[in-house]
Amino acid sequence: MFKHLLVPIDGSELSGRAITASIELAAKLDAKITGFVVEPDVQAVGTGRVAAAQARELEAANTAAAAHAKKLLQHFGAQAKTAGVKFHSHFVRTDSIDAAIIQAATDKKCDLVVMITHGRGAFGELLFGSHTKNVLASSKVPLLVLH
């Protein structure tokens, strides 16, 4: 069956449910988990003094994003360890969240992606989009959707 789960998380209450459910599933399947965090990439657009100030802001944003991802993944890893589930972590910065999830599943040789959906409905998807729906439409790796 499934031996390697990719579980994208973002620190929300819903991703906490994804952590719990994926650990339970991995324990039952004797599978390992790769916890995955994608942080948005921020680009500088200024020149001269503005660019120098933006570079400092970008460096601070990169540091904060990496710290946030590390904190989330350490929490996930600790829960997996307590349950006796093998855990690895992966973090990237990009604006292409859906593509990053699909790429991570391929690169890490995962055979199942476990994602949570906000269940916003058609209007909410129109406003906010749906990473889960986009991954489902584009991924060759099976997707387990939790609500």
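The values are calculated or read from the model by the stated rules, or taken from the named source; none is laboratory data. Keep in mind that what you see is a predicted model, and the values were worked out from it rather than measured. Please note: Cβ atoms are built from the backbone with ideal geometry, for glycine as well, and neighbour counts cover all protein chains shown.
Brief remarks follow.
- Residue in region 37-53 that is crowded, with 16+ Cβ neighbours inside 10 Å and touching a His at 6+ places or on another chain (Cβ under 8 Å) present: yes
- Contact map, region 93-114: residues that are basic (K, R) paired with residues that are buried (at least 20 other Cβ atoms within 10 Å of the Cβ) and at pLDDT 95 or above, Cβ distance under 8 Å, separation 6+ or inter-chain. Pairs shown: K108/L6; K108/T34.
- One residue stands out among those in region 58-100 that are at pLDDT below 95, surrounded by 14 or more Cβ atoms within 10 Å (Cβ to Cβ) and over 17 Å from the mean Cα position of the chain (by Cα): the one that is farthest from T20 (Cα to Cα), which is L58.
- Output for region 101-139, where each listed residue is outside any helix (DSSP H, G or I), modelled with pLDDT under 90 and more than 20 Å from S12 (Cα to Cα): S139
- Criterion: among the β-branched types (V, I, T) and in a loop (DSSP other than H, G, I, E, B) - qualifying residue of V38, V42, V7, V92: V42
- Restricting attention to region 12-44, the residues that are touching a residue at least 24 places away in the same chain (Cβ under 8 Å) and over 18 Å from D98 (Cβ atoms) total 15.
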